[in-house]
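**Student:** Have a look at the structure that comes next, please.
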Amino acid sequence: MCGIVGYVGTRVATSVLMNGLRRLEYRGYDSAGVAVLSGGKMQILRCRGKLSALEALLAETALPGNLGIGHTRWATHGRPSDENAHPHKAGPVAVVHNGIVENHVALRERLQAAGCTFSSQTDTEVIAHLVDEALAKGPKPLVTAVCEALAQVEGSYAVAVVSDLHPDEFVVAKLASPLVLGVGEGEVFVASDAPALLEYTREVIFLEDGDVVAIRADQVEIMDLAGKPIVRAKKTITWTAAQAEKAGYPHFMLKEIHEQPRAVSDTLRGRLLPDTNDAVLGDEELPEVPKRVVILACGTSYHAGLVGKFLIESTARIPCEVDLASEFRYRDPVVGPGDLVVAISQSGETADTLAAVKEAKGRGATTLAICNVVDSAIARVCHRVLYTHAGPEIGVASTKCFTAQLAALAVLAIHVGKRSGNLKDADAAALISELMHIPAKMTETLQGLTGMKELARKHVHARDFLFLGRGTSYPIALEGALKLKEISYIHAEGYAAGEMKHGPIALIDDGLPVVVIAPLGKGYDKVLSNLAEVRAREGHVIAVATVGDKAIAEYCQDILWVQDAPHLLQPLLTVLPLQMLAYAVAVARGSDVDQPRNLAKSVTVE
Ligand code: BG6
């Protein structure tokens, strides 16, 4: 999730571009750059680091010109560096891009065979070479060359292209990544998101998938990839820029909860291969089929690891252990060659997880990082990396990175399962097909979660909460309790439902809200009897249940409905109402939801 901007008009392009990028820095901040055209001459400035580093460069070297494009990066392919920063240049062309070119390896090989030289590790650079290749075939409008190039690209993109052969225009295109046009008097603004252009205009056009736009200061032509003209309606935005950064949501956490379908589909993108019933980890294979998997993590990532155990053991039939990194590192652990140690960390910087995976690597284990930040410490120290593509997570309480981690663990389970020979084609095909439907089911589930405010009001003064679940719902009970603790400061405990009668049942009375995760499928009947035990002791039951479940209503006071899914993938849905419940209770209690007390987004000290 990067931020791109573009401008043509009468203002100094760099000031418009930099103002826009500042407003988009929440989308990515590991490197940045601009390309500006003046008198048919293009100048590019780009560098690793926060936007302030680029500002320093621009302070030394002013770039004159009223037309340009800019980018602030959240690396997905190629670590943050000067050469991987956008814009990427090829011949007269420069490109900035937000998205993932899934077939970049094949395109790069073809272009290299045709004599192109690449200067970065990014997927984006192939687009610059494809446009350059199209222009080299003979004089043509820039938009035509861009359409020819994008016709070869698989994946997602919001892309802006300039060429010093076309000094008065630039071209943008959109597929699965956001892009909005701002139309002013004799000037046009483009950005990944509205915050970047609200300072200049509130008249915007939200582009749709497949749109390609040729832009001049006094003219905007929208068309499809075949060049067929398209008309898009103008809208007037009423939000403030700050509101727009949260896409109109009151908090980043709520925005990130609603970004989960996209975060999961971007994390699965290019990794599930339905044609061959397989899953790939990106460009890297595991060196060997592990005889055992050990997962290390902290906090919410640890709960993702607990779901990962189910995914790996039942799909790959390989033993999988999950350990708290802070415990593992001091336990003189029994780990070594033949073991695959998976370190899960959103930030990739958590000290305990970093130390634990170094410990395992030192003992000869193969190490794989599942991280959301490219080139972070844990990603750098591990033999292999499987990046989640959730984009920057601003809210301290992790939400979209959690479900993206579950998606990555499902990919890993299929990958190992196929290579261990334990996962049959038919089972792989079924799991892959179900996984591909999950983003849409997440959207449906989130849309169905109405009445959270009223439910939260009922429990705003609760002293304690108990969360119960069985099987893959047990880690979700732990995660639901953690979310509530993190942002509402209410004491909450997650427990295996089967364990309830061995202790926590003593806590139950009419004052205790008990959240029971009870989706249809494996263990459902057992959970129903746990529900009855709670009801019998006057506990206030809030059930997470599968849409269409006719039996559950008599066992509970409130129901949070989720779409149906197979047991292994239910956590990607059942966690959603628990995130929303914690959020609603925290808001009702007036907590600082995005920056809760005593917590940090990443704990880099022991
Ligand atoms: C805590 C965060 O500091 O670290 C949690 O507040 C997070 O949200 C935990 O789950 C682990 O972080 P990471 O980056 O290693 O997943």
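**Student:** Ranked from the most accessible area to the least, with a 1.4 Å probe and all protein chains present, what is the order of 253, 436?
**Tutor:** 436, 253
**Student:** Okay, next question. Taking the chain as the reference, fit the longest principal axis to its C-alpha atoms, fit the long axis of helix 473-488 to the helix C-alpha atoms, and give the angle between the two in degrees, 0 to 90, nearest 10.
**Tutor:** On a 0 to 90 degree scale, this one is about 70.
**Student:** Pop a pseudo-label 7 angstrom from the Cα along the beta-carbon direction at both residue 532 and residue 363 and give the gap in nm to one decimal.
**Tutor:** 4.5
**Student:** Could you order the peptides 135-145, 540-550 from most to least packed, using the average number of other C-beta atoms within 10 Å per residue?
**Tutor:** 540-550, 135-145
**Student:** Starting from the amide H of residue 211, placed 1.01 Å from N in the peptide plane, find each other amide H under 5 Å away whose residue is 5 or more places distant or on another chain.
**Tutor:** 174
**Student:** With a 1.4 Å probe and all protein chains left in place, how much accessible area per residue does the stretch 273-427 have, in Å²?
**Tutor:** So the stretch 273-427 comes to 32 Å² accessible per residue, rounded to a whole number.
**Student:** Working out 0.36 nm times the residue gap between residue 47 and residue 450, then minus their Cα-Cα distance, what length gain in nm do you get to one decimal?
**Tutor:** Net length gain for the segment: 140.6 nm.
**Student:** Report in % the part of the accessible area of the stretch 112-175 that belongs to carbon and sulfur, leaving out ligands and nucleic acids; probe 1.4 Å.
**Tutor:** Its accessible area is 54 percent carbon and sulfur atoms.
**Student:** Against the empirical 2.2 N^0.38 Å scaling, what ratio does the C-alpha Rg of the stretch 477-562 come to?
**Tutor:** Ratio of Cα Rg to 2.2 N^0.38 Å: 1.04.
**Student:** Over every pair of different alpha-carbon atoms in the stretch 360-417, take the mean of 1/r and invert it; report that Kirkwood radius in Å.
**Tutor:** 12.3
**Student:** Enter the Cα centre distance for the pair the stretch 439-508 and the stretch 211-286, rounded to the nearest angstrom.
**Tutor:** Each part reduced to its Cα centre gives a spacing of 31 Å.
**Student:** Ranked from the most accessible area to the least, with a 1.4 Å probe and all protein chains present, what is the order of 401, 298?
**Tutor:** 298, 401
**Student:** Here's a follow-up. Chymotrypsin sites (Phe, Trp or Tyr not before Pro), restricted to the stretch 246-342: which are DSSP loop and have at most 13 other Cβ atoms within 10 Å?
**Tutor:** 330
**Student:** By how many degrees, 0 to 90 and rounded to 10, does the Cα axis of helix 13-24 deviate from the longest principal axis of the chain?
**Tutor:** Tilt of helix 13-24: around 0 degrees.
**Student:** Within straight cross-link reach of residue 140, meaning Cα distance under 12 Å, which aspartates and glutamates are found once same-chain residues fewer than 8 apart are removed?
**Tutor:** 132, 148
**Student:** I would also like to ask the following. If packing is taken as the mean number of other Cβ atoms within 10 Å per residue, what is the order of 475-487, 56-68, highest first?
**Tutor:** Sorting 475-487, 56-68 by mean packing, highest first, produces 475-487, 56-68.
**Student:** What pairs from 174/234; 458/522; 526/550 go past 21 Å between their alpha carbons?
**Tutor:** Violating the 21 Å limit, Cα to Cα: 458/522.
**Student:** Going by alpha carbons, how many degrees (0 to 90, nearest 10) lie between the helix axis of 571-588 and the longest principal axis of the chain?
**Tutor:** The two axes meet at around 90 degrees.
**Student:** Still on this structure: Kindly report, to the nearest 10 Å², the accessible surface of residue 491 as traced by a 1.4 Å probe over protein heavy atoms only.
**Tutor:** In the full protein context, residue 491 sits at about 100 Å².
**Student:** Another one. So in the chain, what percent of DSSP beta bridges are antiparallel if you round to the nearest 5?
**Tutor:** 60
**Student:** Using alpha carbons only, how many angstrom separate the centre of the stretch 105-159 from the centre of the stretch 1-52?
**Tutor:** Centre-to-centre (Cα) distance: 21 Å.
**Student:** State the three equivalent ellipsoid semi-axes of the stretch 77-217, derived from the C-alpha gyration tensor as the square roots of 5 times its eigenvalues, in descending order and whole Å.
**Tutor:** Ellipsoid half-lengths, sorted descending, are 25, 17, 13 Å.
**Student:** Accessible area of the stretch 351-428 with a 1.4 Å probe: how many percent of it is carbon plus sulfur?
**Tutor:** Carbon and sulfur atoms account for 47 percent of the accessible area of the stretch 351-428.
**Student:** Just to verify a number: FRET efficiency for residue 331 and residue 118, C-beta to C-beta distance, R0 = 51 Å, to 0.05?
**Tutor:** Efficiency for this residue pair is about 0.65.
**Student:** Which residue, chosen from 303, 247, 147, occupies the Cα position most advanced towards the positive end of the dipole of the chain, where the dipole is computed from +1 (Lys, Arg) and -1 (Asp, Glu) charges on Cβ about the Cα centre?
**Tutor:** Projecting each Cα onto the dipole axis, the largest value belongs to 303.
**Student:** For residue 206, put the label point 7 Å out on the Cα→Cβ axis and report which residues of the stretch 426-448 keep their amide N under 20 Å from it.
**Tutor:** It comes to 439-448, nothing else.
**Student:** Could you check how much of the accessible area of the stretch 475-606 is carbon and sulfur, as a whole percent, using a 1.4 Å probe?
**Tutor:** Carbon and sulfur: 51 percent of the exposed surface of the stretch 475-606.
**Student:** If packing is taken as the average number of other Cβ atoms within 10 Å across a peptide's residues, how do 113-120, 199-206, 101-108 rank, most packed first?
**Tutor:** 101-108, 199-206, 113-120
**Student:** So which lysines pass the test for residue 418, namely a Cα distance under 16 Å, with those fewer than 8 places away in the same chain ruled out?
**Tutor:** 291
**Student:** Can you tell me the dipole magnitude for the chain around its Cα centre, using point charges on the Cβ only (Lys, Arg +1; Asp, Glu -1), in Debye to the nearest 20?
**Tutor:** 500
**Student:** Step through the residues of the stretch 125-140 one at a time and calculate ³J(HN,Hα) from phi using the Karplus curve (6.51 cos²θ - 1.76 cosθ + 1.60, θ = phi - 60°), rounding each to whole Hz and writing x for Gly and Pro.
**Tutor:** Per-residue couplings from phi come out as 4, 4, 5, 4, 5, 5, 5, 4, 4, 5, 5, 5, 6, x, x, 7 Hz.
**Student:** Could you tell me whether the stretch 417-499 comes out rounded, prolate or oblate from its Cα gyration tensor? Rule is a ≥ b ≥ c as square roots of the eigenvalues, rounded for a/c under 1.5, then prolate if a/b exceeds b/c, otherwise oblate.
**Tutor:** In terms of gyration-tensor shape, oblate.
**Student:** Using θ = phi - 60° and the Karplus relation 6.51 cos²θ - 1.76 cosθ + 1.60, list the HN-Hα couplings for the stretch 264-273 in order, rounded to whole Hz, with x at every Gly or Pro.
**Tutor:** Result, rounded to whole Hz: 5, 5, 5, 6, 7, 4, x, 10, 9, 10.
**Student:** What FRET efficiency would be calculated for the residue pair residue 144, residue 59, taking the C-beta separation as r and a Förster radius of 51 Å, to the nearest 0.05?
**Tutor:** Taking R0 as 51 Å, the efficiency between residue 144 and residue 59 is 0.85.
**Student:** Just the number please: accessible area per residue for the stretch 108-228, 1.4 Å probe, all protein chains included, in Å².
**Tutor:** Roughly 37 Å² per residue, with all protein chains present.
**Student:** Further question on the same structure: Would you compute, for the Cα atoms of the chain, the largest minus smallest coordinate along each principal axis and list the three values in descending order, in whole Å?
**Tutor:** Here the Cα extents, ordered largest to smallest, are 79, 54, 45 Å.
**Student:** Hey, another quick one. Using a probe radius of 1.4 Å on heavy atoms only, what accessible surface per residue do you get for the stretch 488-578? Whole Å² is fine.
**Tutor:** Ligands and nucleic acids excluded, the result is 39 Å² per residue.
**Student:** Can you tell me the FRET efficiency between residue 606 and residue 165 if r is taken as the Cβ-Cβ distance and R0 is 45 Å, rounded to the nearest 0.05?
**Tutor:** 0.20
The values are calculated or read from the model by the stated rules, or taken from the named source; none is laboratory data. Just so it is clear, the model here is predicted, and its values are computed rather than measured. Neighbour counts run over all protein chains shown; Cβ positions are idealised from the backbone, glycine included. What goes into the accessible areas is simple: the full protein's heavy atoms, side chains included, and nothing from ligands, DNA or RNA. Shrake-Rupley method; radii C 1.70, N 1.55, O 1.52, S 1.80 Å.
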